[in-house]
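Heads up, the thing below is written out as structure tokens.
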Amino acid sequence: ATHSPQPTSKKVCIVGAGMAGLAAVRELRREGHAVTVLEQSHDVGGQWLYDPRTDDADPLGAAAPVRVHSSMYDSLRLMSPREAMGFSDFPFASRDGAGAGCDPRRFPGHREVYCYLKDFCDAFGLVDAIRLNTRAVRIALAPPCDVGSSLRWQVRAVQVEPESNKEVSYTEEVFDAVVVATGHYSQPKLPSIDGMEQWRRTQLHSHSYRTPGPFCGETVVVVGCGESGTDIAVELTGVAREVHLAARSMEVVSPGLSKAIARHDNLHLHLGVERLREDGAVVFADGSSAVADTVIYCTGYSYSFPFLETEGRVTVDDNRVDPLFEHVFPASPLAPSLSFVGIPIRVIAPWFFEGQARWVARVLSGRSELPTEAEMVRSVEAQRRAREAAGVPNKLAHDICGVEPHQYMSEFGERWCGFPRLESWKIELFASSVKNMAANFETFRDEYEDSDTVREALKEWRRSSGVGARHPEEEEDADAAEAMPP
């Protein structure tokens, strides 16, 4: 529900200055709130702030929280087209005049995303709200000042030295509300495989993978063939003696992956891993085996909020943050003083996070109203029953792609905070890219064909985005036209 009383300004703490956190601070400030952002790294960007370091003492990332936040590997490129991403009023256009660091490709490398987020931060003057090198240690309900008073949160944070991670000084402060925007690609999720603990050769999670060089001449087993697993396995074929890719099911093997396997003689596909033997052999579920030097687990990540104490009113169970109404507010008295931005996976970001953040900002100011606690609980339970009936496991509770993603994302913003729908040409571009990736995994980022509708929309998008020169694709079109005989 939406109404328009005199907006109320709240003192709000945001945890994290990545894509979701920056969306939150901009929207909260626009709504008139006083915002403080706690960011444990030395700069903004979250996962997009590449860190070449890994935790050599814990390459599996078994400890929580992990010592190194970033899971970005050096060669990573976007899997979504930049033109369909971006904040609603700050297009992710190529950076004219940015020099050698500019990456104008439709699917650029990770540094281009980091630079875009830095530009966004500068354009909207967000830097002064962000406390860098500051990690949230404990966030818990503050003692009530009087009977019937609103919930408030006691936030304990520590300033850390950028290189050593050494704790320098602690602070404590009370806030009216807390927004958790820490992302969900830092805490590795590991499989349970017979023999893992006894296997003495190298094991790591993709969280600790950066470059292929250390695996030169090795036999490597990559467990998991999602996007990152396939990406890493294909990259390793250039240096490794053999790469064995283990899929949990042959149903997840796309035509594009099949083409990649046929193209690389040293890339082999197997059905799952049954056990690791002490002699170095990895035994696959299909009965085959390979003596491996290294096993890399590309098995995803877990939601983790080690700093947050809610007395059991918000839990993480089988990778489901529960109970969350529309993936944002706890369906409990903790709402709206506690909220989460950036929980859903496989959404169009940061556009969708911007809509979530706008909703949070308006609810906190009083310009929008949440349903009653009972109504939120019923909604959460109804969604859980619907997922169970559809055979969707708990671990995919926040996977938006399982529920008509474009329709859900558009209706979410429109329903809760009047956020504009995504343009139809962007939806078409996004969908065609997903289809192309499934068919041509190795080449989809560089070889694609847009419809006439998308091509015309892109020309207008580039003009309105302030891109001075023609895009490389338009240059190619012009060159081809000039080369044609009259």
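Here is how the numbers come out for the structure above:
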quantity	calculated
Test: residue 313 is charged (D, E, K, R) and within 25 Å of residue 198 (Cα to Cα)	no
Residues that are assigned to a loop (DSSP other than H, G, I, E, B) and either of a type in the set (A, V, I, L, M, F, W, C) or open to solvent by 30 Å² or more (accessible area, probe 1.4 Å) (or both), drawn from segment 193-211	193, 196, 197, 198, 199, 200, 201, 211
The one condition in (1) modelled with pLDDT under 95; (2) assigned by the TED database to the domain that holds residue 229 that residue 311 fails to fulfil	(2)
Filter result for the condition that a residue is in contact (Cβ under 8 Å) with a residue 24 or more places away in the chain and basic (Lys, Arg), over 156, 131	131
Number of the exception - residue 304 against (1) in contact with a His (Cβ under 7 Å, 6 or more places away or on another chain); (2) assigned to a loop (DSSP other than H, G, I, E, B); (3) touching a residue at least 60 places away in the same chain (Cβ under 8 Å)	(1)
Tally of residues being closer than 19 Å to residue 39 by Cα and of a type outside the set (Ser, Thr, Tyr) across segment 177-209	8
Residue in segment 308-319 that is in a loop (DSSP other than H, G, I, E, B), closer than 16 Å to residue 181 by Cα and among the aliphatic types (A, V, I, L, M) present	yes
Filtered residue count, segment 241-259, keeping only those that are outside any strand (DSSP E or B) and in contact with a strand residue (DSSP E or B) (Cβ under 7 Å, 6 or more places away or on another chain)	3
Some residue of segment 14-28 being open to solvent by less than 60 Å² (accessible area, probe 1.4 Å), of a type in the set (Lys, Arg), modelled with pLDDT of 95 or more and part of a helix (DSSP H, G or I)	yes
Wholly enclosed helices (runs of 4 or more DSSP H) of segment 332-444 bearing at least 1 residues crowded, with 21+ Cβ neighbours inside 10 Å and of a type outside the set (Gly, Ala, Ser)	351-365, 405-417, 424-439
Of all residues making up segment 257-279, the number that are of a type in the set (Gly, Ala, Ser), crowded, with 16+ Cβ neighbours inside 10 Å and more than 19 Å from residue 206 (Cβ to Cβ)	0
Conditions (1) out of contact with any helix residue (DSSP H, G or I) (no Cβ under 7 Å at 6 or more places or on another chain); (2) outside any loop (DSSP other than H, G, I, E, B); (3) surrounded by fewer than 22 Cβ atoms within 10 Å (Cβ to Cβ): number failed by residue 238	(2)
Restricting segment 445-454 to residues that are in a loop (DSSP other than H, G, I, E, B) and open to solvent by less than 90 Å² (accessible area, probe 1.4 Å), the residue that is nearest to residue 105 (Cα to Cα)	445
Tally, over segment 392-441, of residues that are aromatic (Phe, Trp, Tyr), under 28 Å from residue 365 (Cα atoms) and free of Cβ contacts under 8 Å to residues at least 60 places away in the same chain	1
Residue in segment 126-138 that is surrounded by fewer than 19 Cβ atoms within 10 Å (Cβ to Cβ), under 24 Å from residue 61 (Cα atoms) and over 23 Å from the mean Cα position of the chain (by Cα) present	yes
Residue 328, sole failed condition from (1) open to solvent by 10 Å² or more (accessible area, probe 1.4 Å); (2) of a type outside the set (Ser, Thr, Tyr); (3) closer than 23 Å to residue 138 by Cβ; (4) free of Cβ contacts under 8 Å to residues at least 60 places away in the same chain	(1)
Candidate set from segment 17-47 (those that are basic (Lys, Arg) and out of contact with any strand residue (DSSP E or B) (no Cβ under 7 Å at 6 or more places or on another chain)); member that is farthest from residue 355 (Cα to Cα)	30
Residue among 174, 113 that alone is among the β-branched types (Val, Ile, Thr), assigned by the TED database to the domain that holds residue 345 and closer than 17 Å to residue 12 by Cα	174
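A quick yes/no check of all residues on (1) in a strand (DSSP E or B); (2) of a type in the set (Gly, Ala, Ser); (3) out of contact with any Ser or Thr (no Cβ under 6 Å at 6 or more places or on another chain); (4) surrounded by 14 or more Cβ atoms within 10 Å (Cβ to Cβ):
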| residue | (1), (2), (3), (4) |
| --- | --- |
| 116 | no, no, yes, yes |
| 121 | no, no, yes, yes |
| 154 | yes, no, yes, yes |
| 169 | yes, yes, yes, no |
| 179 | yes, no, no, yes |
| 183 | no, yes, yes, yes |
| 191 | no, no, no, yes |
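Results for (1) farther than 25 Å from residue 425 by Cα; (2) aromatic (Phe, Trp, Tyr); (3) out of contact with any helix residue (DSSP H, G or I) (no Cβ under 9 Å at 6 or more places or on another chain); (4) not assigned by the TED database to the domain that holds residue 401, shown as yes or no for each residue.
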position: 318; (1), (2), (3), (4): yes, no, no, no
position: 335; (1), (2), (3), (4): yes, no, no, no
position: 339; (1), (2), (3), (4): yes, no, no, no
position: 344; (1), (2), (3), (4): no, no, no, no
position: 350; (1), (2), (3), (4): no, no, no, no
position: 355; (1), (2), (3), (4): no, no, no, no
position: 361; (1), (2), (3), (4): yes, no, no, no
position: 366; (1), (2), (3), (4): yes, no, yes, no
position: 370; (1), (2), (3), (4): yes, no, no, no
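The values are calculated or read from the model by the stated rules, or taken from the named source; none is laboratory data. Quick caveat: nothing in here was measured; it's all calculated off a predicted structure. Every residue, glycine among them, receives a Cβ derived from its backbone with ideal geometry; neighbour counts consider all protein chains shown. To get the accessible areas, we keep the full protein, side chains included, count just its heavy atoms, and leave off ligands, DNA and RNA. Shrake-Rupley method; radii C 1.70, N 1.55, O 1.52, S 1.80 Å.
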